[in-house]
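Before any comments, here is the structure.
The values are calculated or read from the model by the stated rules, or taken from the named source; none is laboratory data. Predicted model, so just to flag it, every value in this text is computed and none were measured. When we count neighbours, we look across all protein chains shown, and the Cβ atoms used for this are built from the backbone with ideal geometry, even at glycine.
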Amino acid sequence: MFNRSATAALCVAATCVSGAANAQEETSASTLYGDLQSVTQNMLSRAAGDGNNFLHTNGNYEQTRYYPASQINTGNVKNLRPAWIFQTEIVDTMETSPIVVNGIMYVTTAFNHVYALDARTGKQIWHHKHAMGPVTTYCCGPNNRGVAVSGDKVFMGTLDAKLVALDAKTGKQLWETQIAEAELGYSETMAPSVVENMVLIGTNGGEYGIRGFVKAFDTETGEEIWTFHTIPEDSVGVWATHDATGRDMLRDIEAEKAALAEMGDPYETLGGGVWQNPAVDLDTRRIYFVVGNPSPDLDGSLRPGDNLYTDSLVAVDLDTGEYVCHFQYIAHDVWDLDAVSPPIITTVADAGGNDVKGVLHAGKTGHVYVHNAEDCSMIRFSEAMVPQENMWVLPTAEGARMLPGANGGVEWSPMAIDPNHRLSYAINLHQPMTYTVKSTPYPEGKLWLGGSFDVIPEEEQWGNVTAVDYDTGDIAWQVRTAEPMIGGILATAGGLVFTGEGNGLFKAFDSSNGAELWRFQAGAGVNAPPSSYTVEGQQYVVVAAGGNAQLNFKRGNNIIAFTLAD
Amino acid sequence: MRLPFVTLAWTLAALAPTLSATPSIAKDDFVLEDEVALCMSCHGEDGIPIEPEYPVIWGQEYFYIYTQLRDYGAGRRENDTMSAIAAEYDRDQAKLLAEHFAALPWPELPVVYQEGDQQLAEKGITRGQCSACHGKWQGDSRIPRIAGQQPHYLSQTMHDFKNDVRMNAPDLNSTMKQLDDETIAALSRYFTTINVQ
């Protein structure tokens, strides 16, 4: 573990003075803490062991969301209290992962506002509001999941499908790049990732008939370096009839083949968005990400074939974007039970019990899938974390009931792991729904679900927090929650996991057994992934409480940082 | 009607913030002020439509207005009056009109509310996952503002989707079929109670 506190303390006396002098008028010298120093590649690469900063959306390149500090632990978490609350300008859905660099925190809100805050006090340093273009097309809410940091820049994707680079010291925009056409359904809600000179970002739009991608842009200029299309020109695949768990998906292969002969490969409007950050393996120079649903979501008649690489784990070469391997969970998905929660790289036991480099992904199906990182092959899948009924009944004109509902299982919410317990932690939804199909032609950038998934209001909804032993696939513990869960989770070396609920509760659990050890009522839905950081030897846990548009949880505008009471 | 030159010049100056380009000539004799006057003859001189089933378009989202004009013109959305009018506009003309009305203030309409509306409406919103697209009902780009909209228009629109009369947002046809008439009525009134931001 690095100790950057000493460096940070020195800078208060020296470097920060010049930082303040160079800053815009929004920057008050008296509020500055830390040196606002450049984020080096070494810092980003070694983030998993950094007990002071929180430099990546999911903690580190492996995306473990395991924070290595233990000052806040099972023994004292009962003394956790709010240190400060920052209220943003925007009272709306919040999915931001706070990023912390030497005592400076960067958070985002709906509609692409970015704030730099003093992480000790919550005092604003600067505020950047993206100049949104007139055309935006997005599902599911005007969300943003946060920034990436590198050098002296902060990077953000925007609802009008741009990538912007800001000066980390002032919030002033340095450059912007149009990633894709917003009018055709492309938008950005995910946080970018930075590796060396590249900003990596995918795209939303699986509900609008886009052709998905992951792109790399130059950190200095915003120029495109490479593009990987998540939908290849040959998207047909192997005509798989069973899902990753071996269940029959009831496909009419002959009818699909006839449709393919008539209409050709549907790759140009086949969807395949990428909602979350890739996991980065610097050793093999690969990135691993998951690809979302095919378009239109519920109507398979217009898209014969397996619809590669939708609903898949995909690995590509970090330097070139060239395909390495993939594993498809659901071929020809007509339920939107796709792959959205970001993958995690960690050591797992293979089928023979030997440790190998693995990749974990939690699906909307409610399974945690465990893969061999070498070839993307699946080693095992976990017990179902939520009820599964009537899988895979096909959507009908009248509506067919099936569990899980289309939000999961595990939605976009990132998992966390504790590599010592060899446990993964996921938050789940239980939302009974009916699946209805109605075939309509490509609507040129409008919402294109091909039907609807409708909540059954008479049936109870709930959620859970589930720990899975990824070496066996067994559920180690599970805690039921009053609300369906969406947002994310954080594990710490203090033996804790932190996660929030739509009813405003933010909780800490014992990561070994699920015992609830602490809770706080935030006053609005806590539906964002928590982060942790340490400043001047004091550990904090921070989370956004802004509610959620997708599930209509109470909106708010709070960033709340907690620390131990004196 | 063609405005005298002096009047036109004065009007253009007064509306300068909302008029960003010279009208193109895809519609013969297209003069923005004439077309605006035509729109206002139904949608209201002060932004309050003259009939309850006509929508408020003052302050509506630019891209939504533009898209609807294009859809009317192309036959993707049908209305006896609007289809014929919109069919004459090209893209630039439709954009000019959309820019004009999007820049105007949303009018205040009377709140219509019945006991129990909120509970029924929220149940419908949950069932249809309406907030996933409509957010806080204020509109954004291609999503229309429905907070403070005419309740008769909203009710008619939801029924038109439910009955496959309106087809230019096809996913709403399926969603609206899940809602009974009582819920649609409650929703249309409930949205008049939402503050316009």
Kindly check whether there is at least one residue in region B:113-135 that is in contact with a helix residue (DSSP H, G or I) (Cβ under 8 Å, 6 or more places away or on another chain), crowded, with 20+ Cβ neighbours inside 10 Å and aromatic (F, W, Y). no
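Within region B:96-110, can you find the residues that are in a helix (DSSP H, G or I) and over 14 Å from the mean Cα position of the chain (by Cα)?
Step one: of region B:96-110, the residues in a helix (DSSP H, G or I) are B:96-102.
Within region B:96-110, just B:L96 meets the criteria.
A:R480: farther than 13 Å from A:V77 by Cα, in a strand (DSSP E or B) and among the basic types (K, R), yes or no? Can you show your working first?
Numbers: farther than 13 Å from A:V77 by Cα: yes; in a strand (DSSP E or B): yes; among the basic types (K, R): yes.
Taking the combined requirement at face value, the residue satisfies it.
For region A:216-269, enumerate the residues that are part of a strand (DSSP E or B) and under 26 Å from the mean Cα position of the chain (by Cα).
First, the residues of region A:216-269 that are part of a strand (DSSP E or B): A:216-218, A:224-229, A:242, A:248.
Within region A:216-269, A:A216, A:F217, A:D218, A:E224, A:I225, A:W226, A:T227, A:F228, A:H229 meet the criteria.
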I'd like the full set of residues that are in a loop (DSSP other than H, G, I, E, B) and farther than 15 Å from A:M43 by Cβ, limited to region A:63-78. A:Q63, A:T64, A:R65, A:A69, A:S70, A:Q71, A:I72, A:N73, A:T74, A:G75, A:N76
For region A:354-369, the count of residues that are surrounded by fewer than 24 Cβ atoms within 10 Å (Cβ to Cβ), touching a residue at least 12 places away in the same chain (Cβ under 8 Å) and part of a loop (DSSP other than H, G, I, E, B) equals 0
Restricting the search to region B:176-194, which residues are within 26 Å of B:P107 (Cβ to Cβ) and part of a loop (DSSP other than H, G, I, E, B)? B:I194
Name the residue that is farthest from the chain's Cα centre (by Cα), counting only residues in region B:168-190 that are touching a residue at least 60 places away in the same chain (Cβ under 8 Å) and more than 8 Å from chain A (Cβ to nearest Cβ). B:E182
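Hey, among A:I475, A:I486, A:I427, which residue is within 17 Å of the chain's Cα centre (by Cα), part of a strand (DSSP E or B) and either surrounded by 21 or more Cβ atoms within 10 Å (Cβ to Cβ) or not polar (S, T, N, Q) (or both)? Steps first, answer last, please.
Details: A:I475 fails: within 17 Å of the chain's Cα centre (by Cα); A:I486 fails: part of a strand (DSSP E or B).
Selected residue: A:I427, the only one of A:I475, A:I486, A:I427 that is within 17 Å of the chain's Cα centre (by Cα), part of a strand (DSSP E or B) and either surrounded by 21 or more Cβ atoms within 10 Å (Cβ to Cβ) or not polar (S, T, N, Q) (or both).
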With the condition kept exactly as written, say whether any residue in region A:446-464 is more than 11 Å from chain B (Cβ to nearest Cβ), within 19 Å of A:G514 (Cβ to Cβ), crowded, with 23+ Cβ neighbours inside 10 Å and among the polar types (S, T, N, Q). no
Within 30 Å of A:R519 (Cβ to Cβ), modelled with pLDDT under 95 and surrounded by 22 or more Cβ atoms within 10 Å (Cβ to Cβ): does that describe A:Y33? yes
Regarding B:F161, is this residue crowded, with 18+ Cβ neighbours inside 10 Å, more than 15 Å from the chain's Cα centre (by Cα) and of a type in the set (F, W, Y)? yes
Considering only region A:513-566, state which residues are over 25 Å from A:L55 (Cβ atoms), out of contact with any Lys or Arg (no Cβ under 7 Å at 6 or more places or on another chain), more than 14 Å from chain B (Cβ to nearest Cβ) and not in a loop (DSSP other than H, G, I, E, B). A:F520, A:Q521
Note: among A:E176, A:E183, just one is assigned to a strand (DSSP E or B) and within 17 Å of A:G133 (Cα to Cα), namely A:E176
Could you look through region B:119-131, keep only residues that are more than 20 Å from the chain's Cα centre (by Cα) and among the small types (G, A, S), and pick out the one that is farthest from the other protein chains (Cβ to nearest Cβ)? B:A121
What's the total number of residues in region B:58-84 that are over 15 Å from the mean Cα position of the chain (by Cα) and of a type in the set (A, V, I, L, M, F, W, C)? 2
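Looking at A:P387, A:P414, A:P395 in this structure, which one is more than 9 Å from every other protein chain (Cβ to nearest Cβ), buried (at least 19 other Cβ atoms within 10 Å of the Cβ), more than 28 Å from A:Y267 (Cβ to Cβ) and not hydroxyl-bearing (S, T, Y)? Explain how you work it out, then say what you get.
Details: A:P387 fails: buried (at least 19 other Cβ atoms within 10 Å of the Cβ); A:P395 fails: more than 28 Å from A:Y267 (Cβ to Cβ).
Exactly one of A:P387, A:P414, A:P395 is more than 9 Å from every other protein chain (Cβ to nearest Cβ), buried (at least 19 other Cβ atoms within 10 Å of the Cβ), more than 28 Å from A:Y267 (Cβ to Cβ) and not hydroxyl-bearing (S, T, Y), namely A:P414.
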Flag for A:E501 being more than 28 Å from A:M378 (Cα to Cα), acidic (D, E) and at pLDDT below 95: no
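Quick grid of which residues meet (1) among the acidic types (D, E); (2) buried (at least 18 other Cβ atoms within 10 Å of the Cβ); (3) touching a helix residue (DSSP H, G or I) at 6+ places or on another chain (Cβ under 7 Å):
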{"position": "A:A240", "(1), (2), (3)": "no, no, no"}
{"position": "A:G246", "(1), (2), (3)": "no, no, no"}
{"position": "A:E262", "(1), (2), (3)": "yes, no, no"}
{"position": "A:G273", "(1), (2), (3)": "no, yes, no"}
{"position": "A:Q328", "(1), (2), (3)": "no, yes, no"}
Among the residues of region B:137-167, write down those that are over 14 Å from B:R77 (Cα atoms), of a type in the set (V, I, T) and more than 14 Å from chain A (Cβ to nearest Cβ). B:I146
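Looking at the structure I just gave you, is B:A87 touching a Ser or Thr at 6+ places or on another chain (Cβ under 6 Å) and small (G, A, S)?
no
Does region A:462-478 contain at least one residue that is under 30 Å from B:L172 (Cβ atoms) and in contact (Cβ under 8 Å) with a residue 24 or more places away in the chain?
Taking every residue of region A:462-478 in turn, at least one turns out to be under 30 Å from B:L172 (Cβ atoms) and in contact (Cβ under 8 Å) with a residue 24 or more places away in the chain.
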Residues of region A:138-167 satisfying the condition of being in contact with a Leu (Cβ under 8 Å, 6 or more places away or on another chain), over 19 Å from A:V340 (Cα atoms) and not in a strand (DSSP E or B): A:D152
Looking at region A:448-459, is at least one residue among the small types (G, A, S), farther than 29 Å from A:G353 by Cβ and assigned to a loop (DSSP other than H, G, I, E, B)? yes
Residues that are part of a loop (DSSP other than H, G, I, E, B), β-branched (V, I, T) and within 23 Å of A:V91 (Cα to Cα): does region B:130-148 have at least one? yes
Residue ID - farthest from A:T137 (Cα to Cα), chosen from residues in region A:147-190 that are within 14 Å of chain B (Cβ to nearest Cβ) and surrounded by fewer than 22 Cβ atoms within 10 Å (Cβ to Cβ): A:E181
